[in-house]
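Worksheet: one structure, shown below.
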């Protein structure tokens, strides 16, 4: 017959249990690690995850190959002198990066947006809540698990960004910054998903809401910026630019001089609404990627990459008409904005506020003993 | 009304005491001013129809759900104020299964132990002991999705016991168990009570509880209707089913003694009647045998708790 051996230590009724304490921080982190391990183990044992990873690898590879093939076939019609030809590297890099970001934004909600309420449906959430784990630790564990799982997809796509680097013009710094920013964007989306999944009752609902939130960041910010810009009309004082032909052209140097009488110029005050544009994940990533050197003449050969273009566009918008309109306030302004003051911290900061806010609300929703329950749910 | 079920005096702060518990869900009053006591060293049954508030009460006792009014004391500890200390002392087995399907039974128990901050060395032997206790040693390293419902129930019990809680809350623990596992569950629960733990069992299977429980709290429509010990339940009279080779002779003999009885439908020519005590039953059987009635069976028709339950239910409607 089997019997239960009672545990040796039963502390007195007024003492909190004496666990294997070492550091206060370690005590807080350890349950997070347990939840993380619990989630990862489940994920690594599901075959669907590997299938998705395989599909991802094949699709990213195909995109890389097609970008390279497309560049090759366009070379037959290129006027660029072969010596100055930068190669397909930056094109492949930009296409793969944009593609990976797109798929990251699509995949991350799938891993995060049912993290908490999926457990609630399966009856496993309350089993965790009954233990000594705190709601904060639970939310952190779920977030880290979904983030790590999403990062696996990023790691899979890293070799294709490296191909972009090897085929010219891109440096290791480009690839590192790109991977870092993609990882950060994944974290933002995962945090949004986990927060919403703790707040919403049903997994289907929270997944849809998370996708809509991501869509709001990607598309909604553009729409909001456009509509906002229509409302943000204003006038500035400017005089007349005088464009004179210059043989040597560097993009950062102005190509005109200002003269004549000042008059009121009707402009769109994009600087008032461009913070919405800054929240766009594509803007955040594009703006963080280091620019090529534009200080020397004739360096616009090969054109501006579209990531650089996105970043420039957003910087023009946030700089506003005062800083970009020729001869606003009689000043000359460069045609190209340097990367000295980056824009992405603003956008990322706003994203973190949203994601962090959702995580905090989600943590509140998991507090026990629970006072309020979502309609139509049971705790267990 | 005092609803201390088992009359035995307890040391202050031992076991589980809930008083004046109310909880609404929107317009629905799930529990209204319910009192519940589960003394240490005893098995207390929580009995009531579906929707009576049993699961809600257990969730409140397990400190997962906050009551609107009332207080809960787990071994004298208020879980709202000292959640960690309270949770170290409560084990809860939910009525939903809730297993991580791709994890093995051993991994699940290990994870639970780590979340209770058990030291690694003690945890390993604890996990093995519990797997042996619930007879899952052979399946310990299989993914829990291959476990049958009854096996998952047993895993759930082991999970609730992992941190050796002083108070054990079991929501329908016997559902889905085969007869052998039920007997085993009964034995485990009796052992735990003998170790001095307060065990609370909610169930519909009343005959089962007769064997396990020391006391019962009956709830209906969110209120605790009655609390009684098994002894008290047994003493209040109980229905016996009697059958004889010659049913007519049996009926005549009972009528002759002025006893009220009814012919049970469905059963093969059995009659049933209410008897005040086991003494009465023994005396009647002796009389009938002495009167040369060929008795083929003479047994309680239902459990003692079932009798209370049915009479209570009749009062409510």
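What list do you get for B:218, B:261, A:160 if you sort them by fewest beta carbons within 10 Å?
Ranking B:218, B:261, A:160 by Cβ neighbours within 10 Å, fewest first, gives B:261, A:160, B:218.
State the extension gain, in nm to one decimal, for the chain segment bounded by residue A:106 and residue A:75, taking 0.36 nm per residue of separation less the distance between their alpha-carbons.
7.8 nm
Can you tell me the relative contact order of the stretch B:128-195? Whole percent, Cα pairs under 8 Å, sequence separation 6 or more.
31
Of the listed peptides B:220-226, A:175-181, A:231-237, what is their order by residue-averaged count of other C-beta atoms within 10 Å, with the highest listed first?
B:220-226, A:175-181, A:231-237
Show me the ranking of peptides A:87-96, B:115-124 by mean Cβ neighbours inside 10 Å, starting with the highest.
Ranking the peptides A:87-96, B:115-124 by packing returns A:87-96, B:115-124.
Report, to the nearest 10°, how far helix B:149-161 tilts away from the longest principal axis of the Cα atoms in chain B, using its own Cα long axis and a range of 0 to 90°.
60
For peptide B:160-166, how many partner chain Cβ atoms fall within 10 Å of a residue's Cβ, on average?
3
Can you grab the distance from the C-alpha centre of the stretch B:271-306 to the C-alpha centre of the stretch B:58-106, Å, no decimals?
44
Rank the residues B:33, A:174 as a footprinting-exposure proxy: fewest other Cβ atoms within 10 Å of their Cβ go first.
The order, fewest Cβ neighbours first, is B:33, A:174.
Could you put A:190, A:258 in order, starting from the residue whose Cβ has the fewest other Cβ atoms within 10 Å?
A:258, A:190
Go ahead and run the numbers for FRET between residue A:272 and residue A:243, Cβ-Cβ distance against an R0 of 30 Å, rounding to 0.05.
So the FRET efficiency works out to roughly 0.55.
Label points 7 Å out from Cα along the Cβ direction at residue B:249 and residue A:171: separation in nm?
Going by the 7 Å Cα→Cβ label model, 11.1 nm.
Mind checking the mean number of beta-carbon atoms from other chains within 10 Å of the Cβ atoms in B:105-117?
Taking the mean over all residues of the peptide, I get 5.
Place the peptides B:135-146, B:167-178, B:283-294 in order of packing, highest mean first, counting for every residue the other Cβ atoms within 10 Å and averaging per peptide.
Descending packing order for the listed peptides: B:167-178, B:135-146, B:283-294.
Per residue of B:69-81, what is the mean number of Cβ atoms on other protein chains within 10 angstrom of that residue's Cβ?
1
Would you compute, from DSSP H runs of 4+ residues alone, the mean residue ellipticity of the protein assembly as shown at 222 nm, taking -39500 (n - 2.57) per run and dividing by the full residue count, rounded to the nearest 500?
-15500 deg cm²/dmol
Nearest 10 degrees is fine. How inclined is helix B:247-256 to the longest principal axis of chain B, computing both from alpha carbons?
Compared with the principal axis, the helix lies near 80 degrees.
Rounded to the nearest 10 degrees, what's the angle between the helix B:179-194 long axis and the longest principal axis of chain B, both from Cα atoms, 0 to 90?
Orientation of helix B:179-194: about 70 degrees from the principal axis.
All of the numbers you see were taken from the coordinates with simple rules; none came from a lab. As the structure is a prediction and not an experimental result, all values here were calculated from the model. Reconstructed Cβ throughout: ideal geometry from the backbone, glycine too, with neighbour counts over all protein chains shown.
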